[in-house]
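Working notes for the structure below.
The numbers here are math on the coordinates, done by the rules we state, and not lab data. These figures come from a predicted structure and were not determined experimentally. In this analysis, Cβ positions are derived from the backbone assuming ideal geometry, glycine residues included, and neighbour counts consider all displayed protein chains.
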Number of protein chains: 2
Amino acid sequence: MRKPKIVILGAGYGGLMTTVRLQKQLGVNEADITLVNKNNYHYESTWLHEASAGTLPADRTRYKVTDVIDKSKVHFLVDTVTSINREEKTVALSKGGELNYDYLVVSLGYEAETFGIKGLKEHAFSIANLNAARQIREHIEYQFATYNTEKDRRDDRLTIVVGGAGFTGIEFLGELANRAPELCQEFDVPQEKVRIICVEAAPTVLPGFDPELVEYAVNQLEKKGVEFKIGTAIKEATEEGIIVAKDDQVEEIKAGTVVWAAGVRGNHLVEDSGFENMRGRVKVDPYLRAPGHDDVFIVGDCSLIINEEINRPYPPTAQIAMQQGEICAKNLAVLVRGQGELEAFTPDLKGSVCSLGEDDAIGVVFGRKVWGSKASFMKKMVDNRALFMIGGPGLVMKKGKFNIL
Amino acid sequence: MRKPKIVILGAGYGGLMTTVRLQKQLGVNEADITLVNKNNYHYESTWLHEASAGTLPADRTRYKVTDVIDKSKVHFLVDTVTSINREEKTVALSKGGELNYDYLVVSLGYEAETFGIKGLKEHAFSIANLNAARQIREHIEYQFATYNTEKDRRDDRLTIVVGGAGFTGIEFLGELANRAPELCQEFDVPQEKVRIICVEAAPTVLPGFDPELVEYAVNQLEKKGVEFKIGTAIKEATEEGIIVAKDDQVEEIKAGTVVWAAGVRGNHLVEDSGFENMRGRVKVDPYLRAPGHDDVFIVGDCSLIINEEINRPYPPTAQIAMQQGEICAKNLAVLVRGQGELEAFTPDLKGSVCSLGEDDAIGVVFGRKVWGSKASFMKKMVDNRALFMIGGPGLVMKKGKFNIL
């Protein structure tokens, strides 16, 4: 009897959760499971703002995929997907290989969305992946290291612009604000020369978050020296910095570092492969399948699910991606065995905690507002939970966050 | 009675040794001693190749000047000397101040000498001081961090060219060779993509060193992956790398990092101030004074002393600078007191050890050849001795090297 072939693309939160659940639920003889990932490691994309700021070593944010998969049940390929052929049910890989599938799980993650703003792709960084995070960190350090070597010191080398005051933007600002004094000490830079500026086009910081908590966050970050330019749009990024506009007021901000943290979209492969999509995200059916494709599941940042209460999409979060992975694995088992019933996916939102640096945070957890060190503790528990869900207690011990205040 | 004013310019090995000896030899009422230094710290310039490669934190190579001077006897100014007026016996400082002196000690250190090679100043780094060392380290790390972020990976980002196979060049190569595998691990770069190339115009590595030891050094470094291009001159440095020539063969070497370590000269201020000099170095009299200036002592890299045995100048080393500082302090005490006799300076060469990374070295110590871990141990003792001579056992404990193999 021929075993059905399951191919999982991407070892992020969604894909890896699907894999580890599937390897528990299916016997060796029930299916042929292949996981493809660009790197031999999984990284915690929700921790990358720390690696980017330099407050956490990049290596702490990742672990080897082979540390959590069962090699007797899962083939693991380190390769990059170049295209998906839905008709022929094949996936092409960059090293020349091709996989065919009976069931496909697309969990290819996010990309930066620059909304066509001029110069952003060329002159701004984006916390897109582990490589990008390391580059941002080194770029900032290089700016600080260069400052004192120049006869005519350029204070704007020490200006860091963060585009966007959403979740990623705010979390990154919190780390930067903590990191700046360390950088000043390491490179003999006067603290007062450093500027950390957040530019946000929307009229508020952290839209959708409780206003009281938002106020707390803004106050805390401002106390640490962050400047907010709210209701201000980035019009262009240049070699020298950015050009912003508030109402009709246009201003140039010279900056040695510009990090765009204001938009993500689904993977372009989803678009290129002809799935019906909105910016690389596919509005999946209740069982997480692409419309018209009973053999293709889409989880994580490439899937789109509407929150009926507010008639808007759920934001792409690790929490939802992991929950999708669980359901996806269950549904795949049902299909492989040809028995049981598919389970519909409903997000179970336990809350949301936004870090303001490793010593502070804000959040709503099980409906209760938290802030300060209590929220910061919660945040670390959330981070550890992600490790636990995928790799169990061993992984938490190895990579978890225990610097509890 | 008016106290004579002694002004010491620079807190490198020569100037700082002069200061700490002088403060021991003279009473508070005998002289008015002022030390001027660009930074509030002294750095071990012979350790900067380690900070540049990233094998030693930059902060480990320095200590505060105030940690070793006696504040009751020495005024310490953090300022940059902008000119010396020999006629009026004054020194102008960048913050607008002016000092007058009865006795001046010029110990302003070295600068890179690029011999007019096109593009070197713009496109090559030089291990000129602590700031430069930090910048080189961060530049190299940024190159490694950037490698994996680019779609079309540029292997030449991972090429480091070191211009010069003299003492500094070889010591820096040793550190780079040790550092490369660490960088590869940290940034997920395949080791075989990294190239460390030494370009030397002279027909041999480490001219003047024992040929057997030189052979050992070259073999050891080659084993660690260093490529030597000997008898090859750098013709030009460009944005992309360097252009070299061997005989009539011209070659372009693309490189993300070029570090020029092939020449130093004395401080340009010595030249600007009208002292008789050769490339910023003054051929001092036997008592270390500038010719025609009985009130101006010159020690360290700005002084020139001929080794009569070979009729060539002694190389500018920390060992000689510190010995000069001792004699300079003695002679100043004689002049201040108007009694005793000036002492002539003769270098007392105890030997020379060239590091090949923290685990290996070559050298001649008290006339005996040493190499390998024994030489490496000797090197650390030499480094610790410099700390001991200036700051005593406390400074050795604080900043010394004890990573003995």
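Enumerate the pairs (first residue in region B:187-200 and within 14 Å of chain A (Cβ to nearest Cβ); second residue anywhere and of a type in the set (G, A, S)) with beta-carbon separation below 8 Å, excluding pairs fewer than 6 apart on the same chain, so at least 6 apart or on different chains.
Final answer for the pair search is B:F187/B:A145.
With respect to B:K369, determine if the residue is more than 21 Å from the chain's Cα centre (by Cα) and surrounded by fewer than 19 Cβ atoms within 10 Å (Cβ to Cβ). Spell out the reasoning first.
Working: more than 21 Å from the chain's Cα centre (by Cα): yes; surrounded by fewer than 19 Cβ atoms within 10 Å (Cβ to Cβ): yes.
When the stated conditions are applied, B:K369 passes them.
Run B:K151 past the list (1) touching a residue at least 12 places away in the same chain (Cβ under 8 Å); (2) part of a loop (DSSP other than H, G, I, E, B); (3) within 12 Å of another protein chain (Cβ to nearest Cβ); (4) not hydrophobic (A, V, I, L, M, F, W, C) and report the number of the one that doesn't hold.
Among (1) touching a residue at least 12 places away in the same chain (Cβ under 8 Å); (2) part of a loop (DSSP other than H, G, I, E, B); (3) within 12 Å of another protein chain (Cβ to nearest Cβ); (4) not hydrophobic (A, V, I, L, M, F, W, C), the lone unmet condition for B:K151 is (1).
Can you pull out the residues in region B:43-61 that are within 14 Å of chain A (Cβ to nearest Cβ), buried (at least 19 other Cβ atoms within 10 Å of the Cβ) and out of contact with any Asp or Glu (no Cβ under 6 Å at 6 or more places or on another chain)?
Result: B:Y43, B:L48, B:A51, B:S52, B:G54, B:A58.
Are any residues in region A:379-405 crowded, with 18+ Cβ neighbours inside 10 Å, outside any loop (DSSP other than H, G, I, E, B) and either more than 18 Å from the chain's Cα centre (by Cα) or basic (K, R) (or both), and if so, which ones?
Answer for region A:379-405, where residues must be crowded, with 18+ Cβ neighbours inside 10 Å, outside any loop (DSSP other than H, G, I, E, B) and either more than 18 Å from the chain's Cα centre (by Cα) or basic (K, R) (or both): A:K379, A:K380, A:G391, A:L395, A:V396, A:K399.
Restricting to region B:157-174, name every residue that is away from every other protein chain (no Cβ under 14 Å), in contact with a Gly (Cβ under 6 Å, 6 or more places away or on another chain) and in a helix (DSSP H, G or I).
Once the filter is applied, which keeps residues that are away from every other protein chain (no Cβ under 14 Å), in contact with a Gly (Cβ under 6 Å, 6 or more places away or on another chain) and in a helix (DSSP H, G or I), region B:157-174 yields only B:G174.
Give the residue that is nearest to A:E50 (Cα to Cα), with candidates limited to residues of region A:135-148 that are in contact (Cβ under 8 Å) with a residue 60 or more places away in the chain, in contact with a strand residue (DSSP E or B) (Cβ under 8 Å, 6 or more places away or on another chain) and within 9 Å of another protein chain (Cβ to nearest Cβ).
First, pick out the residues of region A:135-148 that are in contact (Cβ under 8 Å) with a residue 60 or more places away in the chain: A:136-137, A:139-141, A:143.
Of the ones still in play, those that are also in contact with a strand residue (DSSP E or B) (Cβ under 8 Å, 6 or more places away or on another chain) are A:136, A:139-140, A:143.
Next cut, within 9 Å of another protein chain (Cβ to nearest Cβ) only: A:136, A:139, A:143.
Details: A:I136: 11, A:H139: 14, A:Q143: 18 Å.
By that ranking, first place goes to A:I136.
Taking region B:217-247 on its own, how many of its residues are loosely packed, with under 15 Cβ neighbours inside 10 Å and part of a helix (DSSP H, G or I)?
Here the count works out to 3.
Any residue that is buried (at least 21 other Cβ atoms within 10 Å of the Cβ), of a type in the set (D, E) and in a loop (DSSP other than H, G, I, E, B) - is there at least one of those in region B:73-85?
no
Inspect all residues belonging to region B:124-134 and state whether any of them is away from chain A (no Cβ under 11 Å) and farther than 30 Å from A:N39 by Cβ. I'd like the intermediate steps shown before the answer.
Within region B:124-134, the subset away from chain A (no Cβ under 11 Å) is B:124, B:127.
Applying the additional criterion that residues be farther than 30 Å from A:N39 by Cβ yields B:124, B:127.
Among the residues of region B:124-134, at least one is away from chain A (no Cβ under 11 Å) and farther than 30 Å from A:N39 by Cβ, which makes the answer yes.
Hydrophobic (A, V, I, L, M, F, W, C), touching a helix residue (DSSP H, G or I) at 6+ places or on another chain (Cβ under 7 Å), within 25 Å of A:E175 (Cα to Cα) and assigned to a strand (DSSP E or B): is that true of A:V353 in this structure?
On the way: hydrophobic (A, V, I, L, M, F, W, C): yes; touching a helix residue (DSSP H, G or I) at 6+ places or on another chain (Cβ under 7 Å): yes; within 25 Å of A:E175 (Cα to Cα): yes; assigned to a strand (DSSP E or B): yes.
Against the criterion (hydrophobic (A, V, I, L, M, F, W, C), touching a helix residue (DSSP H, G or I) at 6+ places or on another chain (Cβ under 7 Å), within 25 Å of A:E175 (Cα to Cα) and assigned to a strand (DSSP E or B)), A:V353 qualifies.
Residues to consider are B:V258, B:V270; find the one that is touching a Gly at 6+ places or on another chain (Cβ under 9 Å), among the hydrophobic types (A, V, I, L, M, F, W, C) and closer than 18 Å to B:S126 by Cβ.
Details: B:V270 fails: closer than 18 Å to B:S126 by Cβ.
Only one candidate qualifies: B:V258.
Of the residues A:V205, A:V214, which is in contact (Cβ under 8 Å) with a residue 40 or more places away in the chain, assigned to a loop (DSSP other than H, G, I, E, B), hydrophobic (A, V, I, L, M, F, W, C) and more than 14 Å from chain B (Cβ to nearest Cβ)?
Numbers: A:V214 fails: assigned to a loop (DSSP other than H, G, I, E, B).
Selected residue: A:V205, the only one of A:V205, A:V214 that is in contact (Cβ under 8 Å) with a residue 40 or more places away in the chain, assigned to a loop (DSSP other than H, G, I, E, B), hydrophobic (A, V, I, L, M, F, W, C) and more than 14 Å from chain B (Cβ to nearest Cβ).
Each row is one residue, and each column tells you yes or no for (1) more than 20 Å from A:A31 (Cβ to Cβ); (2) among the acidic types (D, E).
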{"site": "A:D285", "(1), (2)": "yes, yes"}
{"site": "A:C302", "(1), (2)": "yes, no"}
{"site": "A:I306", "(1), (2)": "yes, no"}
{"site": "A:P313", "(1), (2)": "yes, no"}
{"site": "A:Q324", "(1), (2)": "no, no"}
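Can you name the number of the only condition in (1) over 24 Å from B:I117 (Cβ atoms); (2) within 14 Å of chain A (Cβ to nearest Cβ); (3) assigned to a helix (DSSP H, G or I); (4) among the charged types (D, E, K, R) that B:R179 fails?
(2)
Within region B:93-109, can you find the residues that are exposed (fewer than 15 other Cβ atoms within 10 Å of the Cβ), away from chain A (no Cβ under 14 Å) and touching a strand residue (DSSP E or B) at 6+ places or on another chain (Cβ under 8 Å)? Can you show your working first?
Kept after step one, since they are exposed (fewer than 15 other Cβ atoms within 10 Å of the Cβ), are these residues of region B:93-109: B:94-98, B:100.
With the extra rule that they be away from chain A (no Cβ under 14 Å), the set shrinks to B:95-98, B:100.
Listed by number, the residues that qualify are B:G97, B:E98, B:N100.
Do you know which residues across region A:276-292 are assigned to a loop (DSSP other than H, G, I, E, B), under 21 Å from A:P347 (Cβ atoms) and not charged (D, E, K, R)?
In the first step, residues of region A:276-292 are kept if they are assigned to a loop (DSSP other than H, G, I, E, B); the result is A:276-277, A:279-280, A:284-288, A:290-292.
Subsequent filtering for residues that are under 21 Å from A:P347 (Cβ atoms) retains A:277, A:279-280, A:284-288, A:290-291.
Passing the criteria: A:N277, A:G280, A:V284, A:P286, A:Y287, A:L288, A:A290, A:P291.
Can you say whether B:E30 is over 22 Å from B:G280 (Cα atoms), touching a Phe, Trp or Tyr at 6+ places or on another chain (Cβ under 9 Å), touching a residue at least 24 places away in the same chain (Cβ under 8 Å) and buried (at least 16 other Cβ atoms within 10 Å of the Cβ), as far as the supplied structure shows?
Numbers: over 22 Å from B:G280 (Cα atoms): yes; touching a Phe, Trp or Tyr at 6+ places or on another chain (Cβ under 9 Å): no; touching a residue at least 24 places away in the same chain (Cβ under 8 Å): yes; buried (at least 16 other Cβ atoms within 10 Å of the Cβ): yes.
For B:E30, the condition - over 22 Å from B:G280 (Cα atoms), touching a Phe, Trp or Tyr at 6+ places or on another chain (Cβ under 9 Å), touching a residue at least 24 places away in the same chain (Cβ under 8 Å) and buried (at least 16 other Cβ atoms within 10 Å of the Cβ) - is not met.
Got a number for residues in region B:86-129 being farther than 18 Å from B:C302 by Cβ, part of a strand (DSSP E or B) and of a type in the set (S, T, N, Q)?
Residues in region B:86-129 being farther than 18 Å from B:C302 by Cβ, part of a strand (DSSP E or B) and of a type in the set (S, T, N, Q): 2 in total.
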